[in-house]
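What follows is a set of notes on a single structure, which appears directly below.
The values are calculated or read from the model by the stated rules, or taken from the named source; none is laboratory data. All of these numbers come straight from a predicted model, not from anything done at the bench. Methodologically, a virtual Cβ is constructed for each residue, glycine included, from the backbone with ideal geometry; neighbour enumeration extends over all protein chains shown.
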Amino acid sequence: MKIFVCVKQVPGVSEIKIDPKTNTLVREGVESVINPNDRNAIELALTLKEKHGAEVLVLSMGPPQAEEILRESIAMGADKGFLLTDRAFAGADTLATSYTLSLAIKKILKESDPEEKYLVICGAQAIDGDTGQVPPELAEELGIPQIAYVLSIELNEDKIVAERKFRAVEIVVIETKLPALISVLNDINKPRYPSMAGILKAHDNSKITYYNAQDLNADEAKIGLNGSSTEVWKIFAPERKGNRVILRGTLEEIVQQLCQNLKDDKIL
């Protein structure tokens, strides 16, 4: 069985900077990390591997420096990493990204065992785009069922049973057969730290495979900017408005002041 984990490299800062001329993220001098929610996806894959035996393959689409997060994933315990990197992939929206990831997964399966059962695990969303669109779009490209916002999962031979968060306080239990795709929330587990042995293993170059558009036999009309159905007109960091207000007094006095302030601001 194969478990594919899709990860994304994101800026490791709480406040991003935007280039006003290009409307793109400023990445120079900014530390890049694994998207936090994707760490939960990796941890789940490793837990399933330990319980049931599976090969954990981590995929990412991005510039060459995204190799760093693949090596970190291998240091955590993943078996191999696949980096989809090509200038033709640049500017991809979620639809083009999902198409490209699907090509890589299909290629890997075709070159090993097309009939082998597999599971795709994604983080529910990335902190830079925050759309949550890639997991369902990737499932559609692969033609497999998907379960979103997963809080727990049980794997039993060729099927999975997942608890999915639904609305604020409701939990839905869903069962489906493999192959399938799930996207997980950060409440599902606590990601492990890489071990020393894992770090040494991660620097074995044979563990990373690179794919460009030609390797994937990608349709140029479906990748990068050409394959993107959405267009970003403007990106900006909202200006902070208002000043902080510190309320002092007894608990009752503070509550009264807070309520009055909310009324004055027409929030209540």
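Worth a mention:
- Selection within segment 188-230 - in contact (Cβ under 8 Å) with a residue 12 or more places away in the chain and of a type in the set (A, V, I, L, M, F, W, C): Ile188, Ile199, Ala202, Ile208, Ala213, Leu216, Ala218, Ile223, Leu225
- Unique match (being closer than 22 Å to Thr47 by Cβ, acidic (Asp, Glu) and either surrounded by 14 or more Cβ atoms within 10 Å (Cβ to Cβ) or in contact with a strand residue (DSSP E or B) (Cβ under 7 Å, 6 or more places away or on another chain) (or both)) among Asp215, Asp187: Asp187
- Set Ala66, Ala96, Ala139: member being in contact (Cβ under 8 Å) with a residue 60 or more places away in the chain and of a type in the set (A, V, I, L, M, F, W, C): Ala96
- Any hit, segment 226-233, residues being within 20 Å of Gln65 (Cα to Cα), out of contact with any helix residue (DSSP H, G or I) (no Cβ under 7 Å at 6 or more places or on another chain) and outside any helix (DSSP H, G or I): no
- Scanning segment 190-208 for residues that are surrounded by 18 or more Cβ atoms within 10 Å (Cβ to Cβ) and hydrophobic (A, V, I, L, M, F, W, C) yields a count of 1.
- Qualifying residue in segment 251-261 (condition: at pLDDT below 90, among the β-branched types (Val, Ile, Thr) and either more than 22 Å from the chain's Cα centre (by Cα) or over 19 Å from Ala45 (Cβ atoms) (or both)): no
- The residue that is nearest to Leu181 (Cα to Cα), among those in segment 91-119 that are assigned to a helix (DSSP H, G or I) and of a type in the set (D, E, K, R), is Lys106.
- Within segment 69-87, tally of residues that are surrounded by 18 or more Cβ atoms within 10 Å (Cβ to Cβ) and assigned to a helix (DSSP H, G or I): 8
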